[in-house]
1. Starting from the range 90-119, keep only residues that are without any contact (Cβ under 8 Å) to a residue 60 or more places away in the chain, then list their pairs with residues that are loosely packed, with under 11 Cβ neighbours inside 10 Å whose Cβ atoms are within a distance under 8 Å, requiring at least 6 positions of separation or different chains.
2. Would you check if LEU63 is surrounded by 22 or more Cβ atoms within 10 Å (Cβ to Cβ), part of a helix (DSSP H, G or I), in contact with a helix residue (DSSP H, G or I) (Cβ under 8 Å, 6 or more places away or on another chain) and not charged (D, E, K, R)?
3. Could you grab me the full set of residues in the range 90-118 that are of a type in the set (A, V, I, L, M, F, W, C), crowded, with 20+ Cβ neighbours inside 10 Å and assigned to a helix (DSSP H, G or I)?
4. Scan the range 66-79 and give yes if some residue there is surrounded by 12 or more Cβ atoms within 10 Å (Cβ to Cβ), modelled with pLDDT of 95 or more and in contact with a helix residue (DSSP H, G or I) (Cβ under 7 Å, 6 or more places away or on another chain), otherwise no.
5. Residues of the range 52-79 being over 18 Å from GLU37 (Cα atoms) and hydroxyl-bearing (Ser, Thr, Tyr), which ones?
6. Name every residue in the range 31-50 that is surrounded by fewer than 17 Cβ atoms within 10 Å (Cβ to Cβ) and of a type in the set (Gly, Ala, Ser), in order of residue number.
Amino acid sequence: MQFSKVKCLGFASYFSFWVKDKRGDKMDIRIIFNEEEQEASAFDGEKKIGYCQYEKEDGIYKLTHTVVDKAYGGRGLAGSLLDCLVDHFRASKKKILPICSYAVKKFDNDRKYADVDARN
């Protein structure tokens, strides 16, 4: 089952998702933007299950890593983490340079990222 986006609370700083695990139990997944850590992090309860990191260099925001725990793979979580960062930078009118292979592929294949793509 794919992650289902719930209304963002605040300026892309908190997202809530739900999925059903293999037993059919509902899991509550939170995605939190953390400017101090320079990442969007996903949590299942207190367990960190994924992150999308960026670095700021010479005024350019570079997306450097996207990682999701294998147990949570294939559900759209990586895309949700990426979108959390993109929404934050879009609201701040900042450009992003995709560096990690996942971000490069998403930016290359989906025009919804064109307005924040520093390569354009």
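The values are calculated or read from the model by the stated rules, or taken from the named source; none is laboratory data. Here the structure is a predicted model, which means the values were calculated and not measured. Every residue, glycine among them, receives a Cβ derived from its backbone with ideal geometry; neighbour counts consider all protein chains shown.
1. ALA114/ASN120
2. Numbers: surrounded by 22 or more Cβ atoms within 10 Å (Cβ to Cβ): yes; part of a helix (DSSP H, G or I): no; in contact with a helix residue (DSSP H, G or I) (Cβ under 8 Å, 6 or more places away or on another chain): yes; not charged (D, E, K, R): yes.
Considered against the rule, which asks whether it is surrounded by 22 or more Cβ atoms within 10 Å (Cβ to Cβ), part of a helix (DSSP H, G or I), in contact with a helix residue (DSSP H, G or I) (Cβ under 8 Å, 6 or more places away or on another chain) and not charged (D, E, K, R), LEU63 comes out as no.
3. Here is the first cut: in the range 90-118, the ones of a type in the set (A, V, I, L, M, F, W, C) are 91, 96-97, 99-100, 103-104, 107, 114, 116, 118.
Filter again for crowded, with 20+ Cβ neighbours inside 10 Å, leaving 96, 103, 107, 116.
Within the range 90-118, ALA103, PHE107, VAL116 qualify.
4. The answer is yes, given that some residue of the range 66-79 is surrounded by 12 or more Cβ atoms within 10 Å (Cβ to Cβ), modelled with pLDDT of 95 or more and in contact with a helix residue (DSSP H, G or I) (Cβ under 7 Å, 6 or more places away or on another chain).
5. TYR72
6. GLY45
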